[in-house]
1. Can you run down the residue pairs with Cβ atoms below 7 Å, 6 or more apart or on separate chains, where the first is in the stretch 42-53 and surrounded by 15 or more Cβ atoms within 10 Å (Cβ to Cβ) and the partner is among the hydroxyl-bearing types (Ser, Thr, Tyr)?
2. Is it fair to say GLU111 is out of contact with any strand residue (DSSP E or B) (no Cβ under 9 Å at 6 or more places or on another chain) and either among the hydroxyl-bearing types (Ser, Thr, Tyr) or open to solvent by 40 Å² or more (accessible area, probe 1.4 Å) (or both)?
3. Please enumerate the residues belonging to the stretch 91-125 that are at pLDDT below 85 and aromatic (Phe, Trp, Tyr).
4. Counting just the residues of the stretch 123-147 that are in contact (Cβ under 8 Å) with a residue 60 or more places away in the chain and of a type in the set (A, V, I, L, M), which one comes out nearest to VAL82 (Cα to Cα)?
5. Could you list all residues from the stretch 132-163 that are assigned to a loop (DSSP other than H, G, I, E, B) and under 17 Å from the mean Cα position of the chain (by Cα)?
6. Please work out if PRO102 is open to solvent by less than 80 Å² (accessible area, probe 1.4 Å) and in a loop (DSSP other than H, G, I, E, B).
7. Assigned to a strand (DSSP E or B), in contact with an Asp or Glu (Cβ under 7 Å, 6 or more places away or on another chain) and of a type in the set (A, V, I, L, M): is that true of VAL76 in this structure?
8. Keeping to the stretch 60-97, report how many residues are open to solvent by 40 Å² or more (accessible area, probe 1.4 Å) and touching a Ser or Thr at 6+ places or on another chain (Cβ under 8 Å).
Amino acid sequence: MDGRDLVRSVKVVGSTGAAQGLRTVRAAWRRRRADATGLPTRGAERARVPGPVQEAEPGPGGGVIRFSRSELRITVAVNGAVFWGWDEAGPEPSYALGGRCPEPDPRALLEPDKDGGWRVVAERVTVAVSRHGAVEVRTPGGVTLRRDLPPRWWEPVGGGTAR
């Protein structure tokens, strides 16, 4: 039973009576159990994170920061738009773009930051990446606009595909 089923059950109990509400709760519970019988058991899993920074390679409008288990591509466009993608994700195709991707800002530089991190400094925005993969977008004055934690993938302990 998920949260929606529970809320629905409580509403039904309040409006139609306890007996009908109890039958609704039982039916939702049975439906959930029936759906779960065909799924394989997942077993033990562990979190996979990018790991510490290994190297950084400058590129147009930013660059690529390589971690021990992943890589992050950062591109700052001429108009101040920022793209970052993990593990070879590209800016196109994108639901956010009406046409082609804007040109990278040739003045944006990838440079070392404090505590082993890196940052891309452009005229309109600064993108800081911590040594463990947290991404922070700031204005040139230092006001934080957005902060994302490093991504986390779950993979089976015995090996296999991650989710």
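The values are calculated or read from the model by the stated rules, or taken from the named source; none is laboratory data. Please read all numbers here as calculations on a predicted model, not as lab measurements. Cβ sites come from the backbone with ideal geometry, for glycine too, and all protein chains shown count toward neighbours. Accessible surface is based on the protein model in full, side chains and every heavy atom, while ligands, DNA and RNA are left aside. Shrake-Rupley method; radii C 1.70, N 1.55, O 1.52, S 1.80 Å.
1. Matching pairs, first to second residue: PRO50/SER70; GLY51/SER68.
2. Details: out of contact with any strand residue (DSSP E or B) (no Cβ under 9 Å at 6 or more places or on another chain): no; either among the hydroxyl-bearing types (Ser, Thr, Tyr) or open to solvent by 40 Å² or more (accessible area, probe 1.4 Å) (or both): yes.
Judged against the criteria, GLU111 is not a match.
3. Our first condition is that a residue be at pLDDT below 85; within the stretch 91-125, this holds for 91-102.
Answer for the stretch 91-125, where residues must be at pLDDT below 85 and aromatic (Phe, Trp, Tyr): just TYR95.
4. First, pick out the residues of the stretch 123-147 that are in contact (Cβ under 8 Å) with a residue 60 or more places away in the chain: 127, 129, 131-133, 135.
Next cut, of a type in the set (A, V, I, L, M) only: 127, 129, 135.
Values: VAL127: 8, VAL129: 13, VAL135: 11 Å.
Only one residue fits best here, namely VAL127.
5. The initial filter retains those residues of the stretch 132-163 that are assigned to a loop (DSSP other than H, G, I, E, B), namely 132-134, 139-143, 149-152, 157-163.
Passing the criteria: HIS132, GLY133, ALA134, LEU149, PRO150, PRO151, ARG152, ALA162, ARG163.
6. Details: open to solvent by less than 80 Å² (accessible area, probe 1.4 Å): yes; in a loop (DSSP other than H, G, I, E, B): yes.
Spelling it out, PRO102 is indeed open to solvent by less than 80 Å² (accessible area, probe 1.4 Å) and in a loop (DSSP other than H, G, I, E, B).
7. On the way: assigned to a strand (DSSP E or B): yes; in contact with an Asp or Glu (Cβ under 7 Å, 6 or more places away or on another chain): yes; of a type in the set (A, V, I, L, M): yes.
When the stated conditions are applied, VAL76 passes them.
8. 7
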